[in-house]
Structures are given as structure tokens and as C-alpha cells.
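The values are calculated or read from the model by the stated rules, or taken from the named source; none is laboratory data. Nothing here was measured: the structure is a model prediction, and the numbers come from that model. Cβ sites come from the backbone with ideal geometry, for glycine too, and all protein chains shown count toward neighbours. Note: accessible area is taken over every heavy atom of the protein model, side chains too, but ligands, DNA and RNA are not part of it. Shrake-Rupley method; radii C 1.70, N 1.55, O 1.52, S 1.80 Å.
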Amino acid sequence: MSKTGKKRNGWKVAFLALAAVVVVFLIWAFISGDDYDDDYYDEPRKEGTQLSDTVGGYTADNNSQFLESDAVKEHKVNLVGGGNDTVTILVYMNGSDLESEDSEATNDLTEMVNAGSSDKVNIIVQTMGTKKWNKKFGISSSTAQRYKVDGSGLTLLEDNLGNLSCTESSTLRDFIRWGSSMFPADRYILQFWNHGGGPVYGFGYDDKTESEDYLGIDEIQKALGESGVYFDFIGMDCCLMSCMEVCCAFYDFCDYMILSEDFESGLGWEYTNWLSKLYENTSISTRELGKIICDDMVNANATNTDGWGDDSIMALVDMSMMKVLYQTWTDFAYSNEASLLDSNYSRKRTRSRNGRVHPAIAAASQPNSRGFFSSWFGDEDDEEDPLMSDYFVTDIMALASTINSTESKALASAVNNTLVYVKACGEDTSLTGISVTLPYGDSDFYKSLKSVFKNCGFDDNYISWLGNFVSASGSNDYYDYDDWDDSWDGWSDYEDDFDWDEWCDECEYDDDYWDDDDSWGWLFYEFLEDWIDY
């Protein structure tokens, strides 16, 4: 045998030996994975310490695993129970023009104060991003601050933070790190307060600079990962954020999300009742608490007599189902590409100027307008109310129900399982709670989408496929949802009897996609990184 042959055999032996060691680790990780995950996320949060930036937080490797592990993840927040849980609520409050013009942030802070107090709950608010705060609570208009909110009012914790940019990822990261370190808890809640523009336009508007900038979901994802905190739920008191893409981006960092698929009115969330319920029982389930939040927000809009109420919808999203939803959506979308390209399925609905619409969007809204910041300096007389179609809001359930295909029922069932609870005003019952974004006829929008989605970890094939909508033949031919509006009877009549085993057998992807084997490498990665850190 040649020397070359011996060298190759030697490498084979070494490789097999190494493989044997790896297999042992993999088996150990697979068997003990559930217990490990619980300890891994609970202990650091209880102790108020920070998780490593590279272990359990946001990394490129972490993000690339999005569709390579188990289809349904386990919830990571385990409540102590018996009303003994401690809770920290972090409110990222960017007052912006909503505060300087209408004191809407102050109104919501008042609702928080009216809820009362509990020695087990800390509400921590970071105030920023507005030219002028209402004088009621003495909040500074010249610098960002941090407050503790309870039944006695606002207590200043951190002053003179400077003119922090609320649209910078590091600003959000530092607030989460500080708040979780100062107020360690069993249960963390993160609340975003300001404008929202869906997965491409993201969150936030800085009234002090009147900047066109915003905090993209990729930047939020980065901040969440670097903060090292896992949340019970993330709520967004903003317009248009109940999107599949937003939930996918935040998948690794919370068990639930509470979001609006439509524009929000100036009323926003109603804070008093759900906070009172949380004070009464800090172990209340997230599903029960989320239902209260959805009901209160929608009911307040439906009964408001001061002109601020509007059509509204709010959904409680179970993040454990996002991989299933993404998989069934792409299976449906690729198989029905011709139908999707033939008509523009974005909802062409007008919303009130009293809604929480980003000023740049409101100024740029023209008939069939395209481009986030086009017409920034346009003639105000030519402006029209913003449309949902300006954001390409496309209701997933409506698509599953109007495009009849073999993949439709699987997608509809996935949506039903993903949405724990949905509440809507009468005029919004045709919206079902969560949307998807298809960039019909807008190259600038797609360019922004491509960058954000790439950073969030969406696969290249899907991002490339979305580019087909820029030149879609039906870009200007909006789908008429009248039949769908008349036929949709709501979630109470929906039967979730879908045969998932049958779908997995027939779907275009390999059955191995759903096997536990796919998660082994990631479990081993977590174990190895933790072992090295130890």
C-alpha cells in the first residue's frame, strides 16, 4: 500500500474516533435537551445576570438555524405559579409626534399609574424621541430618562441620558440590559410604544430630529439577541406589526407576541385593566392576559365617543408555531405563484389620520403611491389618507381561503394554530390577525425588504422569489375582497382537523425536515458553547 493510502486511512481512523465522541455528545444533548433548555434560560434571568452574547443570544450561526430544528419549539418561560412570580415590564416609549401633538404617551402612562401597584411587578419606562412632553409627570423634553411606574406615579431612576436615538439598535439593547439587571424577574415583558410600519419600515419615528430613519426588525432582532433576555411576550403598541416576518425575526426571543395587523388609532392599547389583573395574580397565564389585552384595546375603540376610536384588530401570536407557519406559507406560495402574481392581494383599505401613522408615510400617501419616503416634500393638498396597500399588507388566511389549492388547508390550519386569540371591530373582521408582505410593483420597497430580510436570516431562495412581485403582471390590479369579506365567518366557525402527517408526506420538502435529527447539531452547538464558557 502506498504512503498516500496509509495517510488517507489514518485520517479515516481519526475522523471515526472524532465522530464517535461527537455522537456521544449529540445523544447526551438530545436526551437531556429539555431540562437543559429550562435551566439555561431560567437561572440567569432569575439572578438578573446577562446571558453571553454568543451563547443563547443572537449570532449568525443561531439565526441560520431558523428552519433546521424541530417544527414546534417549547415555551421557555416557566412560571413559578401561585401568584408568586416576579415580573419586569420594560416599556420602550418613543413619544415622537404622538406625544408632542396629542399627549398620547402621557395618556397611556396615566393608564399605567391608574392600574395600581404590586411589590412583585416593576414597570420600567424609557422616555425619548419627542420635542415636547406633557408637563403632567415632569418628563424632560431635553434628555432621555428612565422611570419606574406604579400607583403613586412616576419615579425617576436615570436622568440625563442624553438625546438617545430611539432608532438605534444599541439604544434598545442597553435599555433591556439595564432594566433586566436592575430588576431581575421570573417573567419579562417587552413593550414597544410608537409608530409601526410592518417588517420593512419597522418601528419608530424620532420627533426631535424629524429623521426619516426607523428601527428595522433586523436591528431589533440584533438588540434582543445582544441583550441576552428571553421574554414571556413582546407587545407592540404600534400599527401594522402583526406580520409573519416580524414574528419570524423575533422567534428566538419570546414565547408570545401581541400585535395589530391594521393601523392603530390614537387610543392605542388600554393599560389599566390588564396591569391590574397582573398585579392581582402575577402568575396569570399569558394566554389569559393576552386575551384581556386584545379585548380591552378593541372594545375601547368600538365604544369611544370622542372621535379617537377606529376600526381595530389585535392578535395574540404563539411563537412556538412560527416554523410551521413559515413552512406551510412557503409551500403554499411557491405552489400558487402564478395566482399570486396575477393580482395584487394587498388590502387596499384607508385608515384615519388619527391613527398612529408614521409622518413620512402620511406625507407621502398618494393614490397608488409607492416608496416609503417618496413625496416627503409633496403638496399637502394632494395628500390622501394612507392605505394598508402602501405597506403591502396581505392577510394570510384570506389568501389561504381565496386561492383554492391542495396547500390551502394546511396553511389555514397553521394560521389557526399560530393565532391563540384574535379580537376585531366589526369592520375589521375580514382581517384575521396576521399578514405577509408581497412587494407588488415596487423596486425600492423590495430593495429595502431584501436587505432587512437577509439580515434577519430569511433564506436566499425566498428573498429572491419575492423579487418576482416587483414586475408582477397584476401589480396594479387589486384583488376584490368583497366575496372574502362576505364569506369569512370568523375563527369561531373554523375547524382545525387537518392531518399534519398527511401533509408532511405530500409536501415538496423532505420528510427529514421535520425529524428530530435536524435539531441535533443545534443542541450540540448549545452544549459545546456552554461547556467552553464554563
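Length gained on full extension, Asp480 to Asp306, computed as 0.36 nm times the residue gap minus the Cα-Cα distance: 59.4 nm. With the whole protein complex present, Asp482 retains an accessible surface near 90 Å², based on a 1.4 Å probe. The peptide list 277-285, 163-171, put in order of mean Cβ contacts within 10 Å with the highest first, becomes 163-171, 277-285. Amide H to amide H distances under 5 Å link Asp150 with Thr155, where only residues 5 or more positions off or on other chains count and H is placed in the peptide plane.
Computed from phi, the 3J(HN,Hα) profile of the range 221-236 under the Karplus parametrisation 6.51, -1.76, 1.60 (θ = phi - 60°) reads 4, 4, 5, 4, x, 6, 6, x, 10, 9, 9, 4, 8, 10, x, 10 Hz, with x in place of Gly and Pro. Element breakdown for the range 221-340 at a 1.4 angstrom probe: carbon and sulfur atoms account for 44% of the accessible area. If you add up the charges near Asp342, with Lys and Arg at +1 and Asp and Glu at -1, over every other residue whose beta carbon is less than 15 angstrom from its beta carbon, what do you get? So the environment of Asp342 carries a net charge of -3. Net charge of the neighbourhood of Thr155, taken over other residues with C-beta under 15 Å away and scored Lys/Arg +1, Asp/Glu -1, is -1.
Averaged per residue, the range 157-301 has 23 square angstrom of accessible surface, using a 1.4 angstrom probe with ligands and nucleic acids left out.
Across the range 220-239, the residues whose backbone nitrogen lies under 19 Å from the label position 7 Å along the beta-carbon direction of Glu288 are 232-233. Neighbours of Tyr251, meaning other residues whose beta-carbon lies under 10 angstrom from its beta-carbon, give a summed charge of +1 when Lys and Arg score +1 and Asp and Glu score -1. The packing ranking, built from the mean of other Cβ atoms within 10 Å per residue, places the peptides 88-95, 410-417 in the order 88-95, 410-417, highest first. Mean silhouette area of the range 80-163, derived from the convex hull of its C-alpha atoms and averaged over all directions, reads 5.6 nm².
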